[in-house]
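Below is one structure, written out as structure tokens, with a few remarks after it.
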Amino acid sequence: MQLERNVSRLSRFADQSGMQHRRFRLRCRAETSHLGVSLTDPIPRRGRPRKLPSLALTAGLPVLRSGLHEQAAERLRDMIVRGDLAPGAPLVEVELSAALGISRTPVREALKLLAQHGLVELRQNRSPCVRAMRPDEIRELFEALGGLERLAAELAAIRITTSELRRLRDLQDEIEREHEVGRREAYFIANRTIHRTIVLAARNAPLAEMHAALLSRAEQVRYFALRLEDRWEQSIAEHREILDALAARDAARAGELLAEHVGHTADVVASAFPESSRTAPSAA
């Protein structure tokens, strides 16, 4: 009996203590809320703080790997390739940050990144500008690109799969349809996919990496070439011959045709500008 009374007293004491403790914590929190701290918060430990895990990781969410400046660079790259930002046009940070809805810092970093890719020219004490399409530089660029794509076509003729060949035939049909209705944007995307599919079919990672490094500058020239109707029609016929050579597993023929195709584009675009020109007209 005495034991039961003792247990009952201890239970009431614990309940009272717990209630008092909660009241104390609430009073402290109210009195110190204006300070931005709480007297009931745990005292921080001395020494190096423990490294907390990433919130994205603990929540099971993907970690974003693309920075704001990289997203801005991609947007500006598309505008340059399509001629919305004309070759030679000044790139004013204030105007670009307002247009993109971001601060000037990521815009500045984006312009530096595009300069590394050969699309922007940085100038001392002046605003950067869109790099002009100069005939000698176009020929040099496509000379390198043609060499890479020749090798890619030779390897692809040996290593390409049936599904990849089917994919190329579908893309060939697509570019012919887009040409008939005059949809340059859709044609450009399909044409880019054709070239990239051939390179990837070569099954050579270093080759694919080098090819990707040249694409940004080359795409600006290729998009401009679509303004030239004769070249557009000629390009479709050349693509058809390249596809036939790949389907026949004729490595030498496929490599030769693709290298000539790349060279023709460079010659046509380069001839559209005087050799002495420093700035090309807008491709818009």
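The values are calculated or read from the model by the stated rules, or taken from the named source; none is laboratory data. Computed from a predicted model, the values in this text were never measured in an experiment. For neighbour counting, all protein chains shown are included, and Cβ atoms are generated from backbone atoms with ideal geometry for every residue, glycine included. These accessible areas exclude ligands, DNA and RNA; they are computed on the full protein's heavy atoms, side chains included. Shrake-Rupley method; radii C 1.70, N 1.55, O 1.52, S 1.80 Å.
With a 1.4 Å probe and all protein chains in place, put Thr265, Thr105, Thr161 in order of accessible area, largest first.
Accessible-area ranking of Thr265, Thr105, Thr161, largest first: Thr105, Thr161, Thr265.
Using a 1.4 angstrom probe, figure out how much accessible area segment 62-123 has per residue, in square angstrom, rounded to the nearest whole.
55 Å²
For Ala248 and Arg123, what is the calculated FRET efficiency with R₀ set at 51 Å and r taken between the beta-carbons, to the nearest 0.05?
Details: r = 50 Å, r/R0 = 0.98.
Plugging the Cβ-Cβ distance into 1/(1 + (r/R0)^6) gives 0.50.
With a 1.4 Å probe and all protein chains left in place, how much of the accessible area of segment 150-284 comes from carbon and sulfur atoms, in whole percent?
51 percent
Mind ordering 205-217, 111-123 by average Cβ neighbours within 10 Å, highest first?
Packing order, densest peptide first, comes out as 111-123, 205-217.
Just read off the accessible area of Asp244 with the full protein assembly in place, 1.4 Å probe, to the nearest 10 Å².
Counting only protein heavy atoms, Asp244 exposes about 100 Å² to solvent.
Report the extension gain between Arg196 and Arg108 in nm, rounded to one decimal, defined as 0.36 nm multiplied by the number of residues separating them, less their alpha carbon distance.
28.7 nm is the gain from fully extending Arg196 to Arg108.
For segment 137-189, report the accessible area per residue in Å² (1.4 Å probe, heavy atoms, rounded to an integer). Working shown, then result.
Numbers: 2810 Å² over 53 residues.
Solvent-accessible surface per residue comes out at 53 Å².
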